[in-house]
1. Give me 77, 133 sorted ascending by neighbouring Cβ count inside 10 Å, so fewest comes first.
2. On a 20 Å Cα-Cα criterion, which of the cross-link pairs 45/135; 13/135; 85/129 come out too long?
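Just so it is clear, none of the values below were taken in a lab; they were calculated from the coordinates. Everything numeric in this text was worked out from a predicted model, so none of it was measured. Every residue, glycine as well, gets a Cβ built from its backbone with ideal geometry; the counts of neighbours run over all protein chains shown.
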Amino acid sequence: MSQPHSILIQRCKKGDEKAMMRIYDLYSGAMYHVACRYLNKEDAKDAMQESFIKAFHKIDGFTENFTFGSWLKRIVVNHSIDELKKRRLEFVESEITNLNIEDDDNNWNFDSEITKQQILDAIEKLPNKYQVVVKLYLIEGYDHEEISSILEIPIKTSRTHLRRGRLQLRDLLKTYYNEARY
């Protein structure tokens, strides 16, 4: 963490409201975008603000083992997921018991003419249960064990949702690519 941020964090730990507002100003835009990955714009705004309140209440627990931004991002992601859970987003355990899981979680190669924005737009078109797992895995960098813990689902369900989400994403992008070519 850079020296100015470190000083601001220390001031926040002492209850300095001006330091809290400065931290909010520095991070609110990025944290809003993180929340928007999971929630609509209004709900994302609320989740982001509630996450800051939670972060400032727990700031004594922050250590410089992580950057403040990554610590705060985890709070925002977890809060956003909690909001989805409140809406009863269902993560159904796969009924298939002998599922052949290909070890292709890292195979996220797309046609070179597909842009990052097109991929992000296509992710938004996935069913919610796949969308959330794909975002947590691909964008946030969580592994299946972490996703399982966050969403309170079995690891095999996380793997299944990721695989199905990736396959649907590929189909969406192929369709988009073929339509754009003609």
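1. 77, 133
2. The pairs that break the limit, which is 20 Å between Cα atoms, are 13/135.
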